[in-house]
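I have placed the structure first, in the form of structure tokens, so that the comments after it can refer back to it.
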Amino acid sequence: MPQLEIKNLHVSIEDKEIIKGLSLTVRQGEIHAIMGPNGTGKSTLAYTLMGHPNYTVTEGEVLFDGQNILDMEPDERSRAGIFLAFQYPVAIPGVTVANFLRSALNARRRAVNPEDKGVPIPEFRKALKEQMDLLKMNHDFAGRYLNDGFSGGEKKRAEILQMATLKPSIAILDETDSGLDIDALRIVSEGVSALAGPNLGVLVITHYQRLLNYIKPQFVHVMMNGRIVESGGPELALHLEEHGYDWVREKHEEAAV
Ligand code: ADP
Ligand code: MG
């Protein structure tokens with residue numbers, strides 16, 4: 001069963017170590033949340049998992065289905081079944097949401113079978129409509145140019161629709177703090193809830209305690225100063241909502257320096 005295993009990960013940006021030995025395993029069927037105060041390296045983790053070139057892994061490994069993904073290009077990671085949501089998705093004027101999704105799906109299918117002729121268009125349209133219904137989206141959305149003039153909420157919907165179409169084994173979402181309104185949070189969490197199941201593992205990264213009003217992770221981790229310092233169940237997120245992060249800081253003083 002494919003799973004994402006992060007083992008003793010160390011990551012630097014411009015020679016400054018940001019992630020300092022982080023280990024975490026996300027299995028298919030599980031929803032994990034990483035929470036933590038600003039500046040602790042949450043987005044650094046997301047970017048590293050995506051394969052962003054500015055982030056240097058100095059130690060440790062990230063295995064997906066037993067394979068080290070750190071050697072893989074971002075598109076190879078995607079074809080392997082990892083979905084990495086972009087916080088700031090790029091607009092592609094001239095390419096409709098439907099065409100983009102069909103190309104992405106066909107690339108994924110060809111990664112599995114190089115002889116694949118691509119999904120027949122009627123079959124694709126039918127599946128896309130079903131996904132849009134599941135996510136309570138207007139069908140007009142499929143004909144619009146990808147992210148071109150999309151509101152924040154629409155970009156989030158496009159992301160979730162992409163996830164629904166590609167059916168990844170593991171989805172990683174960095175819901176960073178800036179510009180994230182309650183609507184966007186709701187869209188993402190409803191989408192994740194609609195798609196969650198035994199074949200999808202989810203890692204949601206967030207600063208936002210309010211996330212847990214919408215999404216129900218089975219596993220909650222607190223990240224501080226580049227490490228996971230606390231792990232627990234949903235009660236940990238509730239505790240954070242009530243008490244903030246100060247108690248974690250105090251408990252892990254050496255880590256919070
Ligand atoms: P979080 O998402 O938890 O708020 P980030 O991963 O964005 O934290 O940032 C972690 C640390 O890395 C911060 O101290 C931040 O200033 C630093 N950092 C992030 N991006 C860069 C960058 N491109 N260059 C230098 N430092 C960076
Ligand atoms: Mg961040």
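The values are calculated or read from the model by the stated rules, or taken from the named source; none is laboratory data. The structure displayed is predicted, hence computed values, not measured ones. In this analysis, Cβ positions are derived from the backbone assuming ideal geometry, glycine residues included, and neighbour counts consider all displayed protein chains. To get the accessible areas, we keep the full protein, side chains included, count just its heavy atoms, and leave off ligands, DNA and RNA. Shrake-Rupley method; radii C 1.70, N 1.55, O 1.52, S 1.80 Å.
Please work out the C-alpha center-to-center distance from region 198-257 to region 93-117 and express it in whole Å. Taking the Cα centre of each part, region 198-257 and region 93-117 sit 36 Å apart. For the peptides 130-137, 114-121, the ranking by packing is 130-137, 114-121, with the highest mean count of neighbouring Cβ atoms within 10 Å listed first.
Counting only heavy atoms of the protein chains and using a 1.4 Å probe, residue 129 has close to 100 Å² of accessible surface. Pairs from the table (42/117; 156/251; 42/156; 129/216) lying more than 31 angstrom apart at Cα are 42/117; 156/251. Considering only 26, 90, 229, the Gaussian network model of the chain with Cα springs below 10 Å gives its largest mean-square fluctuation to 90.
Relative to the longest principal axis of the Cα atoms of the chain, the long axis of helix 121-134 lies at roughly 40 degrees.
Could you order 240, 105 by accessible surface area, starting with the largest, using a probe radius of 1.4 Å? Mind showing how you got there, number by number?
On the way: 240 0, 105 30 Å².
So, going from the largest accessible area down, we get 105, 240.
On a per residue basis, the chain carries 48 Å² of accessible surface, using protein heavy atoms and a 1.4 Å probe.
Close amide H contacts of residue 95 (hydrogens built in the peptide plane, cut-off under 5 Å, sequence separation of 5 or more or a different chain): 146. Here the Karplus curve 6.51 cos²θ - 1.76 cosθ + 1.60, taken at θ = phi - 60°, turns the phi angles of region 63-69 into couplings of 9, 10, 6, x, 9, 6, 7 Hz, with x standing for Gly and Pro.
Could you tell me whether region 61-174 comes out rounded, prolate or oblate from its Cα gyration tensor? Rule is a ≥ b ≥ c as square roots of the eigenvalues, rounded for a/c under 1.5, then prolate if a/b exceeds b/c, otherwise oblate.
Oblate, since a/c reaches 1.5 and b/c is not below a/b.
When 181, 71 are compared by accessible surface with a 1.4 Å probe, the order from highest to lowest is 71, 181.
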